[in-house]
Amino acid sequence: MYVRLLGTAAGGGYPQWNCCCTQCGHARSGRQAPRLHSSLAFSGDGKDWYLINATPDVRQQIESCPELHPGPNLRSSPIKGVFLTDAELDHTAGLLLLREGTAIDIYATAPVLAALDTEFPLRKILSSYTACSWNVLLPREAIHLDGDSVSIKPVSISTKMPRYVKLPHPASNAVVAFEIQDLRTGRSIMFAPALESVRQDLIEAFDRSDLLFFDGTLWTDNELQNLGVSNRSAAEMGHLPLFVDGKLNDVCRSGARRKILIHVNNTNPVMDDKSFQRELLAAAGVEVVHDGAFIEV
Ligand code: MLT
Ligand code: MN
Ligand code: ZN
């Protein structure tokens, strides 16, 4: 199977439009590469492609990947569906930008679909533009795609709904990771942009995977508070910091064959490729790769 990493930054992107911190300055001056919002495209057969999450950068992300370009008909697309890990704005707002499509298949768990039906009424809005089909994902139930060449299975991660959702809160299956498997080779990818905690069953699934994309939002729990940009800790945001109790967290030390950070916040010192934090990650085999990376698994 094939994957294209469409973006690696957390909400706000890198640089963030209203931030003039040193790190965002480096992305503006060209010292560090800018990064789009975290998202992945995958394909079992190299012809039909699926997006994981639709970010505010989705138009630019599609344009920068030749395999996602339209054709062969005037208004057809190789993008056959969108899988959502959660209802966060940085993962769903891009659906509005896909409204020109003739049809969009969207897959998400029940609480995510409920949020997109009520507080963020994408479903109602999009219905006037295109024929969306909204498919409910059940935890641990795999869906087969691309003529049974690949399957995708949601794994429950947390009960945290976005801030804009008032009730119900928490909700089971609010956030999932995806396990994508090539059904011919048995190889698998895990995609987990939000990890609330280290659970034993998750660690085991990560250890078995050939390629693990995981939550690199924040380096420390109080990173945003220390910078004075938010009063919320990583834990309160539903993100496990990379550095806990003086060492890398257990996910960084997973036995997955390859490990790549995604959903990295612009405040995270690992954005700087010369930082000691980046060196620590490299020593544990964790990569921070550029947007647009194409990987055959
Ligand atoms: C998150 O990842 O926790 C959210 O996307 C943060 C946000 O944009 O509000
Ligand atoms: Mn986010
Ligand atoms: Zn910044």
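For the chain, what is the calculated [θ] at 222 nm in deg cm²/dmol (nearest 500), taking -39500 (n - 2.57) for each run of four or more DSSP H residues and dividing by its residue count?
Value at 222 nm, helices only: -4000 deg cm²/dmol.
Report the rotationally averaged projected area of segment 157-201 based on its alpha-carbon convex hull, in square nanometres.
4.1 nm²
Could you work out which residue, out of Val270, Val229, Val176, moves most in a Gaussian network model of the chain, that is, has the largest mean-square fluctuation with Cα springs under 10 Å?
Result: Val229 has the largest fluctuation of those listed.
Whole-Hz Karplus ³J(HN,Hα) for segment 56-61, in order, using 6.51 cos²θ - 1.76 cosθ + 1.60 and θ = phi - 60°, x for Gly and Pro?
For segment 56-61, the Karplus-derived couplings read x, 9, 4, 5, 5, 5 Hz, x marking Gly and Pro.
What number comes out for the charge environment of Gly285, summing +1 per Lys or Arg and -1 per Asp or Glu over other residues with Cβ under 11 Å away?
Net local charge, Gly285 excluded: +3.
I need to check one value: relative contact order of the chain, counting alpha carbon pairs closer than 8 Å and at least 6 residues apart, in percent.
About 19 percent, as a whole number.
Give the relative contact order (percent, whole number) for segment 208-273; include only Cα pairs under 8 Å separated by 6+ residues.
Worked out over segment 208-273, it gives 48 percent.
Starting from the Kirkwood radius over alpha-carbon pairs of segment 1-53, derive D by Stokes-Einstein at 4 °C in a medium of 1.567 mPa s and give it in µm² s⁻¹.
105 µm²/s
Distances longer than 26 Å among the Cα atoms of segment 76-207: what percent of all pairs is that?
Result: 24 percent of Cα pairs exceed 26 Å.
How many percent of the accessible area of the chain is carbon or sulfur, using a 1.4 Å probe?
Ligands and nucleic acids excluded, carbon and sulfur reach 52 percent.
Which order do you get for Val58, Val198 if you rank them by accessible area with a 1.4 Å probe, largest at the top?
Val198, Val58
Through the Karplus equation 6.51 cos²θ - 1.76 cosθ + 1.60, θ set to phi - 60°, convert the phi angles of segment 116-127 into ³J(HN,Hα) values in whole Hz; use x for Gly and Pro.
Using θ = phi - 60°, the values come out as 7, 9, 10, 5, 10, x, 4, 4, 5, 5, 5, 4 Hz.
Tell me the net charge near Ser151. Cut-off is 9 Å between Cβ atoms, Ser151 excluded, with +1 for each Lys or Arg and -1 for each Asp or Glu.
With Lys, Arg at +1 and Asp, Glu at -1, the net is -2.
Taking amide H positions as placed in the peptide plane 1.01 Å from N, state which residues far from Val175 in sequence (5 or more) or on other chains have amide H under 5 Å from it.
Ile157, Ser158, Lys160
Heavy atoms only, 1.4 Å probe, whole protein assembly: order Phe243, Phe178 by accessible area, highest first.
Phe243, Phe178
Counting only DSSP beta bridges with both residues in the chain, what percent are antiparallel, rounded to the nearest 5?
55 percent
I want to verify a result. In a Gaussian network model of the chain, Cα cutoff 10 Å, which of these has the top mean-square fluctuation: Thr267, Thr102, Thr159?
Thr102
From the backbone phi of segment 106-112, what are the Karplus-calculated ³J(HN,Hα) couplings (6.51 cos²θ - 1.76 cosθ + 1.60, θ = phi - 60°) in whole Hz, Gly and Pro given as x?
Residue by residue, segment 106-112 yields 10, 10, 7, 6, 4, x, 5 Hz.
Given axes a ≥ b ≥ c from the Cα gyration tensor, I'd like to know whether segment 234-297 is rounded (a/c under 1.5), prolate (a/b larger than b/c) or oblate.
rounded
Tell me which residues come under 5 Å, amide H to amide H, from Val244 once H is placed; ignore anything under 5 positions away on its chain.
Asn249
What shape does segment 66-148 have by the C-alpha gyration tensor, where a ≥ b ≥ c are the square roots of the eigenvalues, rounded means a/c under 1.5, and otherwise prolate means a/b greater than b/c and oblate the rest?
oblate
If you wrap a convex hull around the C-alpha atoms of segment 1-156 and split its volume per residue, what is the figure in Å³?
Per-residue hull volume (Cα only) is 129 Å³.
Can you list residues from other chains, or at least 5 along the same chain, whose modelled amide H is less than 5 Å from the amide H of His37?
So His37 has HN proximity to Ala9, Asp57.
Give the dimensionless ratio obtained when the Cα radius of gyration of segment 30-97 is divided by 2.2 N^0.38 Å.
In units of the 2.2 N^0.38 Å rule of thumb, it is 1.16.
Roughly how many nanometres apart are two label points built 7 Å out from the Cα toward the Cβ at Ala103 and Asp273?
4.3 nm
Provide the per residue accessible area, probe 1.4 Å, for the chain, rounded to a whole number of square angstrom.
44 Å²
Pairwise over distinct Cα atoms, reciprocal of the mean inverse distance: report the Kirkwood radius of segment 101-159 in Å, one decimal place.
12.8 Å is the Kirkwood radius here.
For segment 181-297, would you read off the P(r) tail past 23 Å as a percentage of all alpha carbon pairs?
That fraction is 28 percent.
Taking only the C-alpha atoms, wrap a convex hull around the chain and report its volume per residue in Å³ as a whole number.
127 Å³
Top mean-square fluctuation among Gly101, Gly71, Gly11, Gaussian network model of the chain, C-alpha springs under 10 Å?
Highest fluctuation of the listed residues: Gly71.
The values are calculated or read from the model by the stated rules, or taken from the named source; none is laboratory data. Fair warning: this is a prediction, and the values are worked out from it, not measured in the lab. All Cβ positions, glycine included, derive from the backbone under ideal geometry; neighbour counts span all protein chains shown. What goes into the accessible areas is simple: the full protein's heavy atoms, side chains included, and nothing from ligands, DNA or RNA. Shrake-Rupley method; radii C 1.70, N 1.55, O 1.52, S 1.80 Å.
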